[in-house]
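The values are calculated or read from the model by the stated rules, or taken from the named source; none is laboratory data. Remember, predicted model here, so these are calculated numbers, not experimental data. Note that we place each Cβ from the backbone using ideal geometry, even for glycine, and neighbour counts take in every protein chain shown.
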Amino acid sequence: MQDHGPTTTGTKVAWYAYKTFCILIFAFLIMPILAVVPLSFSALPFFAYTPEMLRLEPSAFSTQWYKQVLFGTEWRAAFFNTMEIGLWSTVMATAIGTLAALGLEKSTFRGREVLSAIFLLPIFAPTIVLATGLYFLYAELGLLNTKLGIILAHATISAPFVMLSVRASLSMIDSRLMRAAANLGAGPVFAFRSVTLPLAMPGIIGGAILAFATSFDELVIVLFVGGVETTTIPRQMWTGVREDLSPRVLAVSSLMAALAIGTLILTQLLRRSARLPGK
């Protein structure tokens, strides 16, 4: 028993060191958000912590920047453009990524992994390279400065995330379930709809959320192939940073951070409900 003492103590030390390291990393990542949110409520039209803010005086804080973002014409148009582009590109990316995952996971043909690697190229290729290539391609096709062009581009860079998420879910499905369904008389379509699809749904939902987040946050491609009529929130933020450094940008950043946190919470709730269908 004495020989196991140091091992147990060493394991506890390693565990606490790991937890401390994770907490420090989390604090490092969350610190910019904690610095941005108070500034977004500043009553002054520039980025600065004032003595009045540090003393938490009510006169030093204001919601005017949030009102300008929520009710301003430019920001509202950018929001609707972002949501429209994001939703349509998510639908396309989810359909393409799910079909690709099913084809790659269930087939055994030669070159399957090569094809999978090619499908993942939009993730590894620099975004500036993709944007430049799309610019010249869209110039020939007449898709520059159109929502359709941006939707197709965002679906292209989002579909690999969906494929990875769905393949991860499919890899955990026991193949004996499909054989059991076939032995009970279920056809391929019914077996897929009643067995494979529900079990793969967490991966599909997770991939769709990743696809929407990718589209919602994308800037470079919009700068290259978009125009004034297709301005999205990231492009409007880029314009605001370049022109006036208004706290409106901080207000939008805070709202986007809140949206990201809400999306993560929703994803976890959906995955938990998918794992516990009877509850």
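Whether any residue in segment 20-29 is on the phi > 0 side of the Ramachandran plot, out of contact with any Phe, Trp or Tyr (no Cβ under 7 Å at 6 or more places or on another chain) and free of Cβ contacts under 8 Å to residues at least 60 places away in the same chain is what I want to check. No, every residue in segment 20-29 fails to be on the phi > 0 side of the Ramachandran plot, out of contact with any Phe, Trp or Tyr (no Cβ under 7 Å at 6 or more places or on another chain) and free of Cβ contacts under 8 Å to residues at least 60 places away in the same chain.
Let's see how each residue does on (1) polar (S, T, N, Q); (2) in contact with a Phe, Trp or Tyr (Cβ under 9 Å, 6 or more places away or on another chain); (3) buried (at least 16 other Cβ atoms within 10 Å of the Cβ):
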{"site": "74", "(1), (2), (3)": "no, no, no"}
{"site": "81", "(1), (2), (3)": "yes, no, yes"}
{"site": "84", "(1), (2), (3)": "no, no, no"}
{"site": "93", "(1), (2), (3)": "no, yes, yes"}
{"site": "108", "(1), (2), (3)": "yes, no, no"}
{"site": "112", "(1), (2), (3)": "no, no, no"}
{"site": "119", "(1), (2), (3)": "no, no, yes"}
{"site": "128", "(1), (2), (3)": "no, yes, no"}
{"site": "131", "(1), (2), (3)": "no, yes, yes"}
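Only one of 108, 82 is assigned by TED's automatic domain parsing to the domain that holds residue 245, β-branched (Val, Ile, Thr), modelled with pLDDT of 85 or more and closer than 30 Å to residue 152 by Cα; which?
Among 108, 82, only 82 is assigned by TED's automatic domain parsing to the domain that holds residue 245, β-branched (Val, Ile, Thr), modelled with pLDDT of 85 or more and closer than 30 Å to residue 152 by Cα.
Looking at segment 33-127, the helices (runs of 4 or more DSSP H) lying wholly inside it that each contain 1 or more residues that are in contact (Cβ under 8 Å) with a residue 60 or more places away in the chain and more than 21 Å from the chain's Cα centre (by Cα) sit at 64-71, 73-106.
Candidates 90, 50: the one that is more than 23 Å from residue 156 (Cα to Cα) and of a type in the set (S, T, N, Q) is 50.
Among the residues of segment 238-263, which ones are aliphatic (A, V, I, L, M), surrounded by 15 or more Cβ atoms within 10 Å (Cβ to Cβ) and within 18 Å of the chain's Cα centre (by Cα)?
Matches in segment 238-263: 252, 255, 256, 257.
Of the helices (runs of 4 or more DSSP H) lying entirely inside segment 163-279, those containing at least 2 residues that are modelled with pLDDT of 85 or more span 197-217, 220-225, 233-243, 248-275. Checking each residue in segment 134-153 for being small (Gly, Ala, Ser) and surrounded by 13 or more Cβ atoms within 10 Å (Cβ to Cβ) picks out 149, 153.
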